[in-house]
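The values are calculated or read from the model by the stated rules, or taken from the named source; none is laboratory data. Source: prediction; values computed, not measured. Please note: Cβ atoms are built from the backbone with ideal geometry, for glycine as well, and neighbour counts cover all protein chains shown. We work out accessible area using only protein heavy atoms, side chains counted, and drop any ligands, DNA or RNA first. Shrake-Rupley method; radii C 1.70, N 1.55, O 1.52, S 1.80 Å.
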Amino acid sequence: MKMNRKIVFGWGALLFSLSAWAQTEVRLVVHNSFSLPKNAFVKFERENKAKVTVIKAGSGNEMLNKLILSRAKPIADAVYGLDNVNIGKAAQSGILAVQQPRSAATDVTLPGAAAVDYAYVVLNYDKKWFAEKNLPLPKSLEDLTKPAYKNLLVTQNPGTSGPGLAFLMANIAGMGEEQAFKWWADMRKNGVKVSKSWSDAYYTDFTQNGGSRPLIVSYATSPAAEVHFGKGKYQTPPTGNLFLKGAVFRQVEGAAVLRGAKQPALAAKLVSYLQSGEVQKALPSEMWVYPAVKGTQLPKVFDFAQLPDHHYTPDTAQITQKQKTWVSRWIRVVLK
């Protein structure tokens, strides 16, 4: 009997080993902000006898640059996190497969990729700070150049930060290129602070978190996130949104199969899975974005999030053509 148990155990271990060996790896490269529950891919892996390996590759632009540099031997089979700022560069560089899976019905689109989520880059303000100072909220970007708002805004460098770049794009779309850069020159004189990243700006410089700046370039969902992570501390958000002309950008993120993928068929299924109900329902409270697929139910905390009536987003072709020039000009005007 002891011998038989050993034989059975041995066969079981062998079968388990063969089952694990039979799983096909499919690699998904993502930016560092990507976040889903640990079991997010269990259903996909079970149905496709696959193993999903998630590779974090820095910020969105850092990820894109790595994909371009490795295009002769791709580091992944599919990518998530390309957006309407960099999708044009991705297409021009030839890193995307010609054949992409058919998209589900979505509220937003992304050329050459399947839209997965979207968000709005806007100005946030600290409600308590403005109430205590009895200072009216600015009604336009031009207001921020006035002495009353000196040293109040922190933004991010568009050369190193996605939200910073998105905000610059909105400025140009809403004000026109020349007026936008004149505004930035005036803001430099009026004490705008520039941080390297959104995290630095939000958690170090924003007065809500102990900093000195009550205005920040952030997201329209940030007030809802404050309620959620406050864990009962707030019944209403301590921060608010300002939907000013030239200060609202709609960012659309998506997923695509990479050219030269080792597992193109599985990669296509994985891209489609990112539009599935399981993933779409998890996105809002994991990454504080809106799910792209039509009809996806939002969590209750999103009652505290606001959708702007208008956004100021250049088209993808214009962004691709002029982004480098705009960022270089911004650096000259604001930092040098």
Residue 202 assigned to a loop (DSSP other than H, G, I, E, B) and free of Cβ contacts under 8 Å to residues at least 24 places away in the same chain: no
For residue 314: the one exception among (1) in contact (Cβ under 8 Å) with a residue 40 or more places away in the chain; (2) assigned to a loop (DSSP other than H, G, I, E, B); (3) open to solvent by 40 Å² or more (accessible area, probe 1.4 Å): (3)
Single unsatisfied condition, residue 260 versus (1) assigned to a helix (DSSP H, G or I); (2) surrounded by fewer than 22 Cβ atoms within 10 Å (Cβ to Cβ): (1)
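Conditions (1) buried (at least 16 other Cβ atoms within 10 Å of the Cβ); (2) polar (S, T, N, Q); (3) free of Cβ contacts under 8 Å to residues at least 60 places away in the same chain; (4) not in a loop (DSSP other than H, G, I, E, B), marked per residue:
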| residue | (1), (2), (3), (4) |
| --- | --- |
| 63 | yes, no, yes, yes |
| 67 | yes, no, no, yes |
| 76 | yes, no, no, no |
| 89 | yes, no, no, yes |
| 115 | yes, no, no, yes |
| 123 | yes, no, no, yes |
| 132 | no, no, yes, yes |
| 135 | no, no, yes, no |
Residue check for residue 296: over 16 Å from residue 104 (Cβ atoms), open to solvent by 10 Å² or more (accessible area, probe 1.4 Å) and not in a helix (DSSP H, G or I): no
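For the stretch 146-156, indicate whether the set of residues that are on the phi > 0 side of the Ramachandran plot, in contact (Cβ under 8 Å) with a residue 40 or more places away in the chain and not in a helix (DSSP H, G or I) is non-empty. Don't jump to the end; show me each part of the working.
Applying the first criterion (on the phi > 0 side of the Ramachandran plot) to the stretch 146-156 yields 151.
The next check asks that each one be in contact (Cβ under 8 Å) with a residue 40 or more places away in the chain; those that pass are 151.
After this cut, where a residue has to be not in a helix (DSSP H, G or I) as well, the list is 151.
Yes.
Mind checking whether some residue in the stretch 129-151 is touching a Ser or Thr at 6+ places or on another chain (Cβ under 9 Å) and under 29 Å from residue 69 (Cα atoms)? Give the steps one after another, and end with the answer.
Filtering the stretch 129-151 for residues touching a Ser or Thr at 6+ places or on another chain (Cβ under 9 Å) gives 129, 151.
Checking the rest, the ones that are also under 29 Å from residue 69 (Cα atoms) come to none.
Taking every residue of the stretch 129-151 in turn, none turns out to be touching a Ser or Thr at 6+ places or on another chain (Cβ under 9 Å) and under 29 Å from residue 69 (Cα atoms).
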Selection from the stretch 228-244 of residues that are hydroxyl-bearing (Ser, Thr, Tyr) and either open to solvent by less than 50 Å² (accessible area, probe 1.4 Å) or in contact with a helix residue (DSSP H, G or I) (Cβ under 6 Å, 6 or more places away or on another chain) (or both): 234, 239
Unique residue being open to solvent by less than 10 Å² (accessible area, probe 1.4 Å) and part of a loop (DSSP other than H, G, I, E, B) when the list is 267, 255, 247, 224: 247
